[in-house]
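A short write-up of the structure that comes next.
Nothing in this text is a laboratory measurement; each read-out follows from the coordinates by a stated rule. These numbers come from a predicted model, not from an experiment. Positions of Cβ are generated from backbone atoms using ideal geometry, with glycine treated the same way; all protein chains shown enter the neighbour counts.
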Amino acid sequence: MSEHPTFSTFVRDLLHVMRFRGPLASDPTAPVLHGLLVSLFLWLGLSTAIMRSFSNRPDLTSVITIETALAAALLVLRRGLFRPAAWIYLAGMWFFTVNVMITNRGIRGEGMMFLVTLPISAAWLLGFGGVLWTTGVCMASALVFAVLEIRGVRLPQLPPGHMPFGVLVLLLMAILIGMIPLGKSTRRFWLVNEERGQIDFEPVRRLTVYRVKAQ
């Protein structure tokens, strides 16, 4: 019985430590970036520890690099420097993506999906200018790998069935990158407009009643 209060206290203290603080605490976008950075940092660390316990994958160099970038972005963000933190995150993710593509099938590998998510991240972090720069870098990176394949350069490829859990790790990373900002902004939109009375739920209620009666 005494273990439950101890565990709940530990969870509460952990959440308190992880809570976003600093000059940008009242900014609507900075806490979303903070949540994204923390989620990716914890997920990569946990998944790497699990996979390394029974294999030599993933490569520690790429993991340490992206974890360092995420930690640096968190520190910079807490000091109130939003745009530098966003650029550090985007640069770290780009380096991680290129490394994944180099070590597994290039343009045909799982790393390609991050070249799609990076401009999406730049859109809500840096605006139109950031989207242009990020899109240009991602397109240029994809073009380089496409040219390498056209010229017959064979990049390394993991054997079939080798570490399928790693694919799931990358997939969840891509989902987090797209889901966290969208979920936060959608929730904030509904809460704000519901408080102002600007959302009319009557059509939804009528449609629901109509479907129930039809059944």
Descending semi-axes in whole angstrom, ellipsoid equivalent of segment 86-125, from the Cα gyration tensor:
20, 11, 4
Express the relative contact order of segment 22-179 as a whole percentage, based on alpha carbon pairs under 8 Å and six or more residues apart in sequence.
24 percent
Provide Ile102, Ile66 in ascending order of the number of other Cβ atoms located within 10 Å of each residue's Cβ, fewest first.
Ile102, Ile66
With N set to the residue count of segment 45-160, report its C-alpha Rg divided by 2.2 N^0.38 Å to two decimal places.
1.16
Can you sort Ile175, Ile107 by how many other beta carbons sit within 10 Å, fewest first?
Ile175, Ile107
Looking at Phe114, Leu148, Val63, which one has the Cα that reaches farthest to the positive end of the dipole of segment 22-179 (charges on Cβ: Lys, Arg +1; Asp, Glu -1)?
Leu148
Residues Ile180, Ile88, sorted so that the one with the fewest Cβ neighbours within 10 Å comes first:
Ile180, Ile88
